[in-house]
Amino acid sequence: MSAPRFATLLVASLVACGRGTEWPPAAVAPDLGRDACADCRMLVSDARFAAERVDRDGTVAFFDDLGCLLSACGGATCDPQAIFVRSFDDSRWIRGDEGFVVRSAAFASPMGFGAAAFATRPAAEAEARAHADARLLELPLLLRQGVRP
């Protein structure tokens, strides 16, 4: 290999290695029935209630219930861009700085917190209207407060 070509490869390698983890991160799907909740240690088994936190070093922590996520990592140190929750109505990932939560006893979530996430306010409002005891909450606010819904 010629010296200029080697130098180009070396520089490209150094630039690639010097890049940090992309931010905000992307969601990573848990292996349902195999990955354990980082808070309660139960297996993540129902995708409709799954959640995750991605740390700056790329480490992913899965949660089986929004309540477990809030217990483990809500509050001032929480970066909502690194939090993902599954949309109850279509199972896509919602970033923590964008979602809405409906809390109702009608939701049989794995740990009994009864909270379901939705990507849009209209979807959350429609679901909330279907349950007399429903409370509609903004996910980013819930994460910053660091309390269970």
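The values are calculated or read from the model by the stated rules, or taken from the named source; none is laboratory data. Quick caveat: nothing in here was measured; it's all calculated off a predicted structure. Every residue, glycine as well, gets a Cβ built from its backbone with ideal geometry; the counts of neighbours run over all protein chains shown.
Here are some notes:
- Only one entry in Arg144, Arg95, Arg53, Arg103 is on the phi < 0 side of the Ramachandran plot and touching a Lys or Arg at 6+ places or on another chain (Cβ under 7 Å), namely Arg103.
- The condition (being crowded, with 20+ Cβ neighbours inside 10 Å and not hydroxyl-bearing (Ser, Thr, Tyr)) is satisfied by just one residue among Ala106, Ala119, Ala130: Ala119.
- Selection of region 45-63 for residues being closer than 14 Å to Val28 by Cα and either among the small types (Gly, Ala, Ser) or in contact with a Cys (Cβ under 6 Å, 6 or more places away or on another chain) (or both) yields Ala47, Ala50, Ala51, Arg53, Gly58, Ala61, Phe63.
- Boolean, Ala116 is touching a His at 6+ places or on another chain (Cβ under 6 Å) and either closer than 22 Å to Val44 by Cα or without any contact (Cβ under 8 Å) to a residue 24 or more places away in the chain (or both): no
- Beta carbons closer than 7 Å, at least 6 apart along the sequence or on distinct chains, pair a first residue in region 127-149 that is over 16 Å from Phe88 (Cα atoms) and among the β-branched types (Val, Ile, Thr) with a second that is modelled with pLDDT under 95 and outside any loop (DSSP other than H, G, I, E, B) for Val147/Leu70.
- So Ala124, is it among the small types (Gly, Ala, Ser), in contact (Cβ under 8 Å) with a residue 24 or more places away in the chain and within 28 Å of Glu22 (Cβ to Cβ): no
- Residues being buried (at least 24 other Cβ atoms within 10 Å of the Cβ) and among the charged types (D, E, K, R) - total across region 40-85: 3
- Where strands (runs of 3 or more DSSP E) sit wholly within region 14-113, those with at least 1 residues that are of a type in the set (Lys, Arg) occupy 51-54, 83-86, 93-95, 100-103.
- Of residues in region 137-149 being surrounded by fewer than 16 Cβ atoms within 10 Å (Cβ to Cβ) and hydrophobic (A, V, I, L, M, F, W, C), the one modelled with the highest pLDDT: Leu141
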